[in-house]
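The values are calculated or read from the model by the stated rules, or taken from the named source; none is laboratory data. Worth saying up front: this structure is predicted, and the values here are computed from it rather than measured. Reconstructed Cβ throughout: ideal geometry from the backbone, glycine too, with neighbour counts over all protein chains shown.
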Amino acid sequence: MTKQFNINEFVDGILSSQISYVGKAITLVESTKHEHQEQAQQIINAIIKHSGNSIRIGITGVPGVGKSTFIESFGLEVIKQGHKLAVLAVDPSSQISKGSILGDKTRMEQLAIHPSAFIRPSPSSGSLGGITKKTKESIIICEAAGYNYVLIETVGVGQSETLVHQLTDFFLLLMLAGAGDELQGIKRGIMEMADAIVITKADGTNVDKAKMARSEYANALHLFPPTESNWIPEALTCSSLESKGISEVYDMIEKYRRHTVASNYFLKKRQFQNKQWFHQTLNDLIIDQFYADSSIKKKIQSIESDIEHNLINPYEALKSIFKK
């Protein structure tokens, strides 16, 4: 017999930082079952007033840059500074099988067992932006549980990272040195969104290359127009394995927090994030209800054959569906 849902039990568990309830709540949030969605929204409504007291950091980078290794090293520094850390690591899902690797916990051995850390790998399930549709709700659950540093590790450069930027306070781009022309293979748009670029693996024979790359990126960042926050993006180097340069990354993010809080930009961006969340949820609800309508489903099925055989153009087909 399935245990009956008790919202007070969930809320008390989350607010007292019980990892089991944080994990269960995120599972409900990510579930596609209508019953679970209803329960998840009850939880979110009850805890949302306890959220918001964190800095949300989006982390992205090219494949092989060492995101997980960096996050473990950086996360341990965050905890050393007296904070509680939540990592929402979105793994790439197969478009065919919808499966995902979900291997981040095995790559963050020290962080995964630390009492002040919570790591949650979630399949992206084909979501654009390298994040799940429910990442915002997961952030709220983590914040209500007292995690005041929330890292969102994305699938990686290549997909639209705009959604990640909209969800976070600080957007960190990790790059490798010594891979040819340092400024090739990365979209200008992603660099423009970055609040900082960190060159990883600056150790061994790679130190000089990393310093050169840092210099090139620093020069490139200065070519972009000033941001709304008036923050000048920085370029740093680090070695996650040797824990070199990690405390400097932490100090830089704290400097950014102080700068944006003082100028009121931090609050303005949070308000913008909330508005975006509302519109995204509204769009998702409209789409879900539209496709759930049985008469719409039948109409689409009857039109598909005509479209396949070029008997009707898609625009006319859409008009007939919307009339329905």
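General remarks:
- Test for residue 204: is it modelled with pLDDT of 80 or more and surrounded by fewer than 23 Cβ atoms within 10 Å (Cβ to Cβ): yes
- Enumeration of residues in the range 1-51 that are in a loop (DSSP other than H, G, I, E, B) and surrounded by 13 or more Cβ atoms within 10 Å (Cβ to Cβ): 5, 17, 18, 31, 51
To keep it simple, each residue is scored yes or no on (1) outside the structural domain of residue 143 (by TED's automatic domain parsing); (2) of a type in the set (A, V, I, L, M, F, W, C); (3) surrounded by fewer than 11 Cβ atoms within 10 Å (Cβ to Cβ).
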{"position": "226", "(1), (2), (3)": "no, no, yes"}
{"position": "235", "(1), (2), (3)": "no, yes, no"}
{"position": "239", "(1), (2), (3)": "no, no, no"}
{"position": "243", "(1), (2), (3)": "no, no, no"}
{"position": "249", "(1), (2), (3)": "no, yes, no"}
{"position": "291", "(1), (2), (3)": "yes, no, yes"}
{"position": "299", "(1), (2), (3)": "yes, no, no"}
{"position": "303", "(1), (2), (3)": "yes, yes, no"}
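- Matching option when the condition is without any contact (Cβ under 8 Å) to a residue 12 or more places away in the chain and over 30 Å from residue 204 (Cα atoms), among 255, 298: 298
- Test: residue in the range 174-192 that is modelled with pLDDT of 90 or more, within 30 Å of residue 279 (Cβ to Cβ) and hydrophobic (A, V, I, L, M, F, W, C): yes
- Among the numbered conditions (1) part of a helix (DSSP H, G or I); (2) under 20 Å from the mean Cα position of the chain (by Cα), the only one that residue 57 does not meet is (1).
- Enumeration of residues in the range 264-294 that are touching a residue at least 40 places away in the same chain (Cβ under 8 Å) and in contact with a helix residue (DSSP H, G or I) (Cβ under 9 Å, 6 or more places away or on another chain): 266, 269, 272, 273, 276, 277, 280
- Lone qualifier among 219, 283, 230 - being exposed (fewer than 12 other Cβ atoms within 10 Å of the Cβ) and either in a loop (DSSP other than H, G, I, E, B) or touching a strand residue (DSSP E or B) at 6+ places or on another chain (Cβ under 8 Å) (or both): 230
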